[in-house]
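I have placed the structure first, in the form of structure tokens, so that the comments after it can refer back to it.
The values are calculated or read from the model by the stated rules, or taken from the named source; none is laboratory data. Quick caveat, the model's predicted, so the values are computed rather than measured. Cβ sites come from the backbone with ideal geometry, for glycine too, and all protein chains shown count toward neighbours. Ligands, DNA and RNA are stripped out before the accessible areas are found, and what is left, the full protein with its side chains, is counted by its heavy atoms. Shrake-Rupley method; radii C 1.70, N 1.55, O 1.52, S 1.80 Å.
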Amino acid sequence: MRFLNAHTLTVNLARFIKNREIRFAVIHVTTRCNAKCVDRCNIWNSPPIDMSCRDVYLALDVLEKNNFSVAYFTGGETGLYPNLVDAIQYAKHKGFVTSITTNGSISKNTLSQLSRTLDVLSVSVDHYDEKTWDRMKHLPGIAKKAKETIRLAKAFGINLYAVTFLNPAWTPEEVGKVVSYVNDELEIPFAFSYPFISSNNGTYTVGGKLVASDDYLLNIKSLVSKVLELKTKGSNVATTTCYIKEVLRAYDGVPLKYPCKAGRTILTIDCRLNVFPCYKKDLLFNLKDYQNLNLQPVDSSMCDNRSCLINCFKEASENSRELFMWSYVEEFFSNPKFYLNIIR
């Protein structure tokens, strides 16, 4: 596996020291999608939009100016974005830690080119049974394609992990089978995507046909608890322990340990350069109008913690300098066997 190069490490250490936090940008470069995940979003039901190269460069220039460290590219299906290689190359040139997510629809040639500049690749893995996986995506053959993408990414030395939508209809035993499949069959780390429903005025709605009933919420708690149990027993789970415990605190109704910093340490940018703090809050501004960002965390006092604990925002909130060391000490001791194996 390829680790961060010296330039990227130096740049981002300086940004971390200066900001007292790690800043993440989620950049939606396309709304193109070949899957129809009705339980996750309705993006596939709209005319496709691609962010122009010029707009990608503008976004990255503004983010660099405001000391962001991580550029996480997503869609839609990121692998269908025609300018993906150029976008990642420019982000790396600007010193960002680069990451993309894909359902597996990414060519061998693109992966080969990305291997020089992409730091982390996450691949959507929806089930341990590949026929069920295809049905969930409404895309025949996607499980086979995703497995081939994982194989190629390994061959090219790309760091990767599986991201699994935590289906509210599953049992804890089913989650256990998915984790075992990802770890033992695919031989990569497992991470979960927390199911939630967006409420902002963005390009598309996150959540699809999900209904956040009491039964749904209680079952999600049991699934998250199962992931934590597996992680503490040695399973290769990339989702951080402090985030998993934070989810369980929200379900137990106790005070959260990590205040949400959406709008400060994390922003999401859509294909039109509209900027949102998260999928729950309304538009902040457009990057073409405001390039000296006034980064302030949104008022989360009225948020329903159980329904908005999405990884890319809540986990990023744990990376302020005051909490950084403690969160990673907790992470190490949640699964010391796994991390000692990495060190060796």
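Key figures
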read-out	value
Centroid-to-centroid separation of segment 215-254 and segment 141-188 [C-alpha atoms, Å]	19 Å
Gain in span if fully extended, R272 to N42, counting 0.36 nm per residue against the direct Cα distance	81.0 nm
Under-5 Å amide H pairs with I27, H placed in peptide plane, nonlocal only	Y72, F73, T74, I269
Calculated from backbone phi, Karplus (6.51, -1.76, 1.60) coupling profile of segment 140-154 in Hz, x at Gly/Pro	x, x, 5, 5, 4, 5, 5, 4, 5, 4, 4, 4, 5, 4, 4
Ratio of Rg to Rh over segment 108-185 (Cα coordinates, Kirkwood Rh, two decimals)	1.00
Estimated inter-spin distance, E173 and E130, nm [label 7 Å along Cα→Cβ]	2.5 nm
Between segment 29-61 and segment 70-109, the Cα center-to-center distance that results, in Å	12 Å
Distant-in-sequence amide H partners of C41 (H built 1.01 Å from N, under 5 Å)	G207, G208
Geometric extent, Cα atoms of segment 59-200 - Rg, Dmax (angstrom)	15.8, 47
Measure of compaction for segment 216-276 (Cα Rg per 2.2 N^0.38 Å)	1.42
Share of carbon and sulfur in the accessible heavy-atom surface of segment 1-131 [1.4 Å probe, %]	56 percent
Whole-Å semi-axes of the ellipsoid equivalent to segment 85-153 (Cα gyration tensor, √5λ, descending)	27, 11, 9
Sequence of Y81, Y90 when ordered by accessible area, the most exposed leading, probe 1.4 angstrom	Y90, Y81
Cα-based shape type of segment 1-124, given that a ≥ b ≥ c are square roots of the gyration tensor eigenvalues and the cut on a/c is 1.5	prolate
